[in-house]
Amino acid sequence: MSYFNSKVRYAIYSSTTNKELILFSEPSIRKMSNQITYFLKGVSDKDIIVPDEFIIEVSDSFYQNTPASLEQLQMMIVKYIVDYVKQEVYTIDKNNKLSIWVTKYDVESGLKQTSDVKLNNKRRAYYSYFSY
């Protein structure tokens, strides 16, 4: 099964002889999936495998908005997904440590006991005027 539809999308080739490196092809998606799993080894106790549909969505977004070669696109996609998953795991771990019954107002939890001081600044915004 191929994720590439030639009627909708143009093919990206790294070279004219090696056609299996199309960005939306199965070998390319599998390669990016393996790289993502490899870079996420230390994040959790288990191997994290990102669904192919998510990789395809991110690939499509990068493909439409970035004029780069195939290898650069693949590296950017892998880096983006790895950073996204790491941030999600970190946020979930931090939220799981919080308790509704024991609320600590310190730097570790990121919570404040009182809100910031409200200042009554009603000055006009500064601007600069340049004449030529």
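The values are calculated or read from the model by the stated rules, or taken from the named source; none is laboratory data. Quantities reported herein were computed from a predicted structural model and do not represent experimental measurements. We place every Cβ from the backbone using ideal geometry, glycine too, and count neighbours over all the protein chains shown.
Check whether at least one residue in segment 56-68 is exposed (fewer than 12 other Cβ atoms within 10 Å of the Cβ), out of contact with any Asp or Glu (no Cβ under 6 Å at 6 or more places or on another chain), under 30 Å from Q113 (Cβ atoms) and modelled with pLDDT under 85, and report yes or no.
Among the residues of segment 56-68, not one is exposed (fewer than 12 other Cβ atoms within 10 Å of the Cβ), out of contact with any Asp or Glu (no Cβ under 6 Å at 6 or more places or on another chain), under 30 Å from Q113 (Cβ atoms) and modelled with pLDDT under 85, which makes the answer no.
Collect the residues in segment 6-25 that are surrounded by 11 or more Cβ atoms within 10 Å (Cβ to Cβ), closer than 18 Å to N65 by Cα and modelled with pLDDT of 50 or more, keeping them in residue-number order.
R9, A11, I12, I22, L23, F24 - these are the residues of segment 6-25 that are surrounded by 11 or more Cβ atoms within 10 Å (Cβ to Cβ), closer than 18 Å to N65 by Cα and modelled with pLDDT of 50 or more.
What single numbered condition from (1) of a type in the set (F, W, Y); (2) surrounded by fewer than 10 Cβ atoms within 10 Å (Cβ to Cβ); (3) at pLDDT 70 or above fails to hold for Y126?
Of (1) of a type in the set (F, W, Y); (2) surrounded by fewer than 10 Cβ atoms within 10 Å (Cβ to Cβ); (3) at pLDDT 70 or above, only one is false for Y126: (3).
Do we have any residue at all in segment 78-86 that's surrounded by 11 or more Cβ atoms within 10 Å (Cβ to Cβ), free of Cβ contacts under 8 Å to residues at least 40 places away in the same chain and in contact with a helix residue (DSSP H, G or I) (Cβ under 7 Å, 6 or more places away or on another chain)?
Yes - at least one qualifying residue is present in segment 78-86.
Pairs, please: C-beta under 6 Å, at least 6 apart or cross-chain, first residue under 16 Å from E71 (Cβ atoms) and in segment 26-47, second in a loop (DSSP other than H, G, I, E, B)?
I36/V50
Would you mind telling me which numbered condition in (1) of a type in the set (S, T, N, Q); (2) at pLDDT 85 or above; (3) within 19 Å of L23 (Cα to Cα) Q87 fails?
All conditions pass for Q87, except number (3).
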